[in-house]
Amino acid sequence: MERENLLIKEVSNCFLFISLLIFLSSCEGIYTIQGKVFAINGEALPGVCVSSPEIFSHVVTNTKGSFVFRLSKPISKLEFIKSDYLPFTVSIHFAEKKYITLTDIFLTPKPSTPGVYFLDNAKNRYLPLIKGRIERTQIEKQNSVPSIKLSEITQVKDTFPKLYVFRLPQYDVTMYQMKEYVPKVDEMKSDKKVDKTEKQSDGKDTPVPQERKIWIPDKPVLTHTEFLSEMDTSLFLLKPVSELKPGVYCINWRAFEMPFPRISECFLFSIVEESEIKESSTEPATSDTKKEEKDKMTGDSKKIADN
């Protein structure tokens with residue numbers, strides 16, 4: 001009996017020892033990753049799916065943009081996915097540590113429609129460039145050049161602009177510096193005659209439309225492109241190689257280099273000095289101020305007359 005009791009004790013001790021080893025090994029196998037996800041303006045992003053292609057589990061960020069991801073084995077890649085934002089990938093390196101705190105993750109928003117945009121980081125929204133269409137303008141009797149007619153052009157002061165191109169081809173994208181084409185006197189007269197003869201159905205003259213300037217290509221500008229996400233290539237960044245001088249620039253898809261371009265649409269913007277932007281923004285305010293002063297003087301004169 002004593003021998004049997006000793007044998008039972010030894011077996012139970014072995015079982016406890018094995019159980020303890022299994023428990024310790026399972027505890028050693030827990031890996032933890034934590035971090036926070038924000039929009040580019042610093043606003044916390046809830047509802048971001050945090051996952052890895054190496055495992056089948058995932059977590060979602062809370063209202064403060066925070067997450068804690070517990071894993072049973074180490075991984076090398078972490079993905080952040082949210083609708084209306086570009087997916088983002090981070091490389092993970094587990095060395096001796098099994099608890100990693102990531103630096104803050106910032107997700108880039110996606111535009112709603114295809115086009116070329118400037119990104120306002122402070123407001124987390126896109127500013128679209130005005131779209132034009134490339135036509136042929138006859139400058140001589142037997143010579144015509146590609147041209148764009150626009151009355152308004154987006155103005156910026158950044159001489160190293162970052163342009164975001166959404167759902168448009170990355171290949172063949174080009175940038176050109178433009179120059180204004182002034183028609184000859186006889187062409188301008190014929191245009192004015194056409195404007196004068198425009199009538200509405202009730203016989204009244206139509207309001208005179210804003211004059212559209214004609215822009216023709218001057219010289220190409222060297223650029224380079226950069227995809228912002230490995231998982232989603234619908235949005236890429238277009239930047240000039242060198243600093244841009246003040247002037248008008250056009251983004252197109254080799255439309256100036258071939259007679260029948262596949263994409264005839266283009267996007268224009270203008271590099272201007274900060275003083276020019278301030279002057280254009282203060283002109284309407286000056287006229288409004290004059291109007292207020294005039295109304296005030298009229299009111300004062302009425303009060304004097306009543307007295």
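Rule-based calculations on the coordinates, nothing more; no lab input. Note that this is a predicted model, so its numbers are computed, not measured. Quick reminder, even Gly has a Cβ in these numbers, built from the backbone with ideal geometry, and neighbours come from all protein chains shown.
Arranged from fewest to most other beta-carbon atoms within 10 Å of their beta carbon, 160, 260, 166 become 260, 160, 166. Neighbour counting of Cβ atoms within 10 Å sorts the residues 37, 272, fewest neighbours leading, into 272, 37. Distance from the alpha carbon centroid of segment 37-64 to that of segment 125-188 works out to 40 angstrom. Taken over the alpha carbons of segment 29-107 as equal point scatterers, the Debye sum produces base-10 log I(q)/I(0) values at 0.14, 0.20, 0.22 Å⁻¹ of -0.41, -0.83, -0.99.
You can think of it this way: the chain between residue 136 and residue 83 has 15.0 nm of extra reach, that is 0.36 nm per residue less the Cα-Cα gap. Summing charges over neighbours of residue 114, with a neighbour being any other residue whose Cβ is under 13 Å away from its Cβ, gives +2 when K and R count +1 and D and E count -1.
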